[in-house]
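What follows is one structure encoded as structure tokens, with my remarks underneath.
The values are calculated or read from the model by the stated rules, or taken from the named source; none is laboratory data. None of the values given here were measured: they were computed from a predicted structure. Using ideal geometry, Cβ is built from the backbone for each residue, glycine included, and neighbour counts are taken over all protein chains shown.
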């Protein structure tokens with residue numbers, strides 16, 4: 001039995017702030033975009049309890065509700081939003097082929113990739129249970145909620161060091177949990193951590209358990225050198241061990257950096273393949289904020305509209 005083929009001018013792979021903003025702009029430009037949301041419709045914001053730093057929401061907003069608002073706005077202008085997962089692509093010709101759930105084949109004149117990135121986690125059941133209830137993978141997003149409190153952050157790279165110093169400005173005490181006896185962060189970032197009086201670096205230390213029922217009440221850590229367990233009295237636990245962009249299916253077609261982030265032509269959303277654009281966290285490893293993702297989603301739609309217009313397609 002042959003796979004059904006659907007032809008569209010603009011296909012958006014992935015949702016979240018980047019995908020939904022691209023959809024809003026593409027739909028208003030009459031591109032009749034088709035969006036497949038991916039397995040986590042709304043992206044990482046659907047596991048964020050409260051968003052306080054997105055403009056236009058003076059009292060803050062629940063992450064999942066915010067994504068529902070974005071989706072409703074995209075649909076209002078005519079975006080066809082469907083639940084589905086892109087499993088394979090073929091960007092060899094001017095018509096871009098994308099397979100959804102290995103059951104549907106979409107032929108698109110333009111493709112906007114908004115598949116995002118997923119935070120890497122420690123893999124503790126307690127971490128999963130308390131995610132959004134004191135456990136976070138974004139200090140810039142959630143640090144404010146722990147003003148004047150004691151928190152812990154796990155990680156040893158530049159991001160962890162940067163987030164630890166950010167938290168130190170807000171929190172009373174920051175425990176930085178480092179698995180080895182050294183950090184991977186640049187010398188300058190390490191020095192900044194060591195020069196911050198309210199950051200205590202716990203070397204050779206691993207997290208055994210995050211404590212709490214409806215919120216974080218502490219963390220159990222274990223020192224691999226002294227073989228001693230210790231309880232940290234913290235109300236917030238931040239994981240900064242990196243992000244993994246959800247870009248695996250594009251690796252044979254697009255240029256990526258060593259971590260898998262899609263490379264775009266600076267100042268645009270254009271990839272090396274004409275008619276294929278990358279937006280949001282799939283190509284941004286620096287900012288990773290909802291507002292910057294939304295901005296790049298707008299760029300993707302405008303770039304796609306210009307491409308289709310210049311190609312005489314739309």
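Before moving on, here are some points about what is shown:
- Leading residue by the ranking (modelled with the lowest pLDDT) among those in the range 146-169 that are surrounded by fewer than 17 Cβ atoms within 10 Å (Cβ to Cβ) and outside any loop (DSSP other than H, G, I, E, B): 158
- Once the range 62-81 is narrowed to residues that are modelled with pLDDT under 90 and in contact with a strand residue (DSSP E or B) (Cβ under 8 Å, 6 or more places away or on another chain), the residue that is surrounded by the most Cβ atoms within 10 Å (Cβ to Cβ) is 63.
- Condition check for residue 193: touching a strand residue (DSSP E or B) at 6+ places or on another chain (Cβ under 7 Å), part of a helix (DSSP H, G or I) and more than 18 Å from residue 136 (Cα to Cα): yes
- Boolean, residue 23 is surrounded by 24 or more Cβ atoms within 10 Å (Cβ to Cβ), under 14 Å from the mean Cα position of the chain (by Cα), outside the structural domain of residue 145 (by TED's automatic domain parsing) and closer than 23 Å to residue 268 by Cβ: no
- Taken over the range 48-59, the residue count meeting the criterion of being out of contact with any strand residue (DSSP E or B) (no Cβ under 6 Å at 6 or more places or on another chain) and modelled with pLDDT under 90 is 5.
- Of all the criteria given as (1) within 23 Å of residue 260 (Cα to Cα); (2) crowded, with 24+ Cβ neighbours inside 10 Å; (3) touching a helix residue (DSSP H, G or I) at 6+ places or on another chain (Cβ under 7 Å), the one not satisfied by residue 176 is (1).
- Residue satisfying all of: in the range 92-120; touching a strand residue (DSSP E or B) at 6+ places or on another chain (Cβ under 7 Å) and loosely packed, with under 15 Cβ neighbours inside 10 Å; modelled with the highest pLDDT among these: 95
- Subset of the range 13-32 (residues that are closer than 16 Å to residue 306 by Cα, in contact with a strand residue (DSSP E or B) (Cβ under 7 Å, 6 or more places away or on another chain) and either touching a residue at least 60 places away in the same chain (Cβ under 8 Å) or assigned to a strand (DSSP E or B) (or both)): 22, 23, 26, 31
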